[in-house]
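Every read-out reported here was derived from the displayed coordinates using simple, explicitly stated rules and does not represent laboratory data. Computed from a predicted structure; not experimentally measured. Ideal geometry is used to build each Cβ from the backbone, glycine not excepted, and the neighbour counts take in all protein chains shown.
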Amino acid sequence: MNKEFHIQTNAHSEMMDITHEIEKWIKEQGIQEGIAIVSSLHTTAGITVNENADPDVKTDMLMRLDNTYPWTHPQDKHAEGNTAAHLKTSTVGHAQTLIISNGELVLGTWQGVYFCEFDGPRNRKYHVKVIADK
């Protein structure tokens, strides 16, 4: 079973916590055990799992990605001018595989699932595929 989710991003670069939307859908489906694959459907937006307690972690991560991949580089050739967004997505990854146990995502105390926008704001999509244990 799978579902496509829609998300509106609000900034050029941001990390949006999507944990609760995924968990809500898993509960609605009655899935108790299995895995969930969460995938961004874009080449300039990724999915990651990281701390969701201190908002400075998101700020720091975005800052460090910007430092590593500056928006403009004199040798970039990509006509759209968003090479940095492609590099950030490749670094973060476009998908995460998560365990479902007792009807919930298995995440550490401080972990959350994030949709990472690197070329916004835009209307975006991500897909969740669940493979349930029988």
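Observations, loosely collected:
- Pairs of Cα atoms in the chain fall into 10 Å distance bins, from 0 up to the last occupied one, in shares of 12, 42, 31, 12, 3, 0 percent.
- Gyration tensor verdict on the stretch 42-114 (Cα atoms; rounded if a/c is under 1.5, prolate if a/b is larger than b/c, oblate otherwise): oblate
- Cross-link pairs exceeding 30 Å in C-alpha to C-alpha distance, out of LYS58/LYS129; LYS77/LYS129; LYS58/LYS125; LYS58/LYS134, comprise LYS77/LYS129; LYS58/LYS134.
- Karplus-derived 3J(HN,Hα), 6.51/-1.76/1.60, for each residue of the stretch 123-134, Hz, glycine and proline x: 7, 10, 9, 9, 10, 10, 10, 10, 10, 8, 5, 8
- Residue-wise HN-Hα couplings along the stretch 37-53, as the Karplus relation 6.51 cos²θ - 1.76 cosθ + 1.60 with θ = phi - 60° gives them from phi, are 9, 10, 9, 6, 9, 9, 8, 10, 8, x, 10, 9, 10, 7, 4, 10, 9 Hz; Gly and Pro carry x.
- Here the stretch 42-59 is scanned for amide nitrogen atoms under 20 Å from the site 7 Å beyond the Cα of ALA11 along Cα-to-Cβ, giving 44-59.
- Most simply put, the chain has about 100% antiparallel DSSP beta bridges, counting only bridges with both residues inside it.
- Helix 83-92 and the longest principal axis of the C-alpha atoms of the chain enclose an angle of approximately 30°.
- Computed FRET value (nearest 0.05) for LYS129 with ASP76, which takes r as the C-beta separation and R₀ as 35 Å: 0.55
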